[in-house]
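Just so it is clear, none of the values below were taken in a lab; they were calculated from the coordinates. On a predicted model such as this, the values are computed, not experimentally measured, just so you know. Virtual Cβ from ideal backbone geometry, glycine too; neighbours counted across all protein chains shown.
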Amino acid sequence: MAAIADKVAAYISAHPGQGAEEIAPGMGVRTKELALPIKKLLAGRRIRREGRRRATKYFAQAVGTTKPKGLPSSAAASRSRRRPVPGRAKRP
């Protein structure tokens, strides 16, 4: 599995801004076969994604960067906080 993930990472580095549907034919594999390697690369922060659903594009992550590009560290941290539900009291 690691070998496939390395190949995907190398392909994304050479061809930034492509989606899974464009990466698969370029590598000669089916799109379904890329799901797990891409998920592992995202979790390991070796690649980053922009967009949602079918508009998702992948880019190689620069070495040493851990926060999303363009966001200060405080904004990245506040994104993950849960927002209160309107009309619901906070727990004591």
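Values as computed for the structure displayed
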read-out	value
Estimated FRET transfer efficiency when R0 is 25 angstrom, pair GLU50-VAL85 (beta carbons, to 0.05)	0.30
Net charge of Cβ neighbours under 14 Å - reference GLU21; Lys, Arg +1; Asp, Glu -1	+4
